[in-house]
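Asker: Structure provided below as structure tokens; questions to follow.
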């Protein structure tokens, strides 16, 4: 695993929040209008080839590989005070998303190999503790990841909590495919929280400094500010933190004018070069 982990101080949002606090106060008519607008737009990052590319770029920063499908069984404590980090998107025992994943998976597949750890997962949620998880939880996770049902569950939860809300909001903000990816990566890294270092808090801060394209602003200028705020959030607690996932990847795409995130694509993370033809 890379040195990166979720940086938001608050746990991931509960399932009832639908990971979309930005529209919680909207009326049904407003949400319907948003749905209609999104349906009229190009698929952008949601197009299958672009979604695959998005997973590869995230995996380069999260796991130093383009093989994101090789990470279903990944699990370790990377020392970021979030407990165990696991799976294709870095679900964490300390940030609620791993607990939610196992709860939803167990509802559909009772008696799975992780179900017996649910009481412990609820106890350690919000902390870096392994109490009740050691020594068997990591092996149970790896064993369960060999099952297609659990791999599918990881992808479903990734989309529900991170990918779909990020792409939806980016489209409503008038952002193209690159901007949609930048929102998605921010949602993964910072967590879908509303605090100053969570995704929604960072977006709110960016909007105070620049208009989004849907508000008539410059897409490049807005994204540049959003990346600045992300970088500051990453450095806030750990000034020596590596920020190349922004500096020599996403910002490079932006400065190259690649707002459609077209391939071939070359970028660097942690000094390693990655290429997608």
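Asker: Arrange 27, 197, 260, 60 by Cβ neighbour counts within 10 Å, fewest through most, would you? List each step's numbers first, then the result.
Answerer: Numbers: 27 9, 197 22, 260 13, 60 25.
Final ranking by Cβ density, sparse to dense: 27, 260, 197, 60.
Asker: Neighbouring Cβ atoms within 10 Å as the yardstick, rank 23, 35 fewest first. Walk me through the intermediate numbers first.
Answerer: Numbers: 23 15, 35 11.
Ascending number of Cβ neighbours within 10 Å: 35, 23.
Asker: I've got another one for you. Can you give me the convex hull volume of the Cα atoms of the chain, divided per residue and expressed in Å³?
Answerer: Details: hull volume 35.3 nm³, N = 277.
Convex hull of Cα atoms, per residue: 127 Å³.
Asker: Let me ask you something else. Which FRET efficiency, nearest 0.05, do residue 32 and residue 215 yield, Cβ-Cβ r, R0 22 Å? Present the calculation step by step, with values, prior to reporting the outcome.
Answerer: Numbers: r = 21 Å, r/R0 = 0.96.
According to the calculation, E is roughly 0.55.
Asker: Apply 1/(1 + (r/R0)^6) to the Cβ-Cβ distance of residue 268 and residue 139, taking R0 = 30 Å, and write down the FRET efficiency to the nearest 0.05. Numbers along the way, then the final one.
Answerer: Numbers: r = 35 Å, r/R0 = 1.15.
The value I calculate is 0.30.
Asker: List the residues of the range 243-263 whose backbone N lies under 20 Å from a point placed 7 Å from the Cα of residue 47 along the Cα-to-Cβ direction.
Answerer: 250, 253-263
Asker: A follow-up question, please. Any number yet on Rg/Rh for the range 118-258, C-alpha, Kirkwood? Please report the intermediate quantities before stating the final value.
Answerer: On the way: Rg = 17.8 Å, Rh = 17.0 Å.
Result: Rg/Rh = 1.05.
Asker: Please work out the FRET efficiency for the pair residue 65 and residue 240, using the Cβ-Cβ distance as r and a Förster radius of 22 Å; give the result to the nearest 0.05.
Answerer: Values: r = 24 Å, r/R0 = 1.07.
Efficiency computed from Cβ-Cβ geometry: 0.40.
Asker: With 10 angstrom as the radius, rank 261, 45, 66, 37 by how many other C-beta atoms surround their C-beta, starting from the fewest. List each step's numbers first, then the result.
Answerer: On the way: 261 21, 45 25, 66 17, 37 12.
Ascending number of Cβ neighbours within 10 Å: 37, 66, 261, 45.
Asker: Run the helix sum for the chain: -39,500 (n - 2.57) per DSSP H stretch of 4+ residues, divided by residue count, reported at 222 nm to the nearest 500 deg cm²/dmol.
Answerer: Numbers: 11 runs with 124 residues, N = 277.
Rounded to the nearest 500, it is -13500 deg cm²/dmol.
None of the figures in this text is laboratory data; all of them are computed from the coordinates on show. Model, not experiment: these values are computed from the prediction. Backbone-built Cβ (ideal geometry, glycine too); neighbour counts: all protein chains shown.
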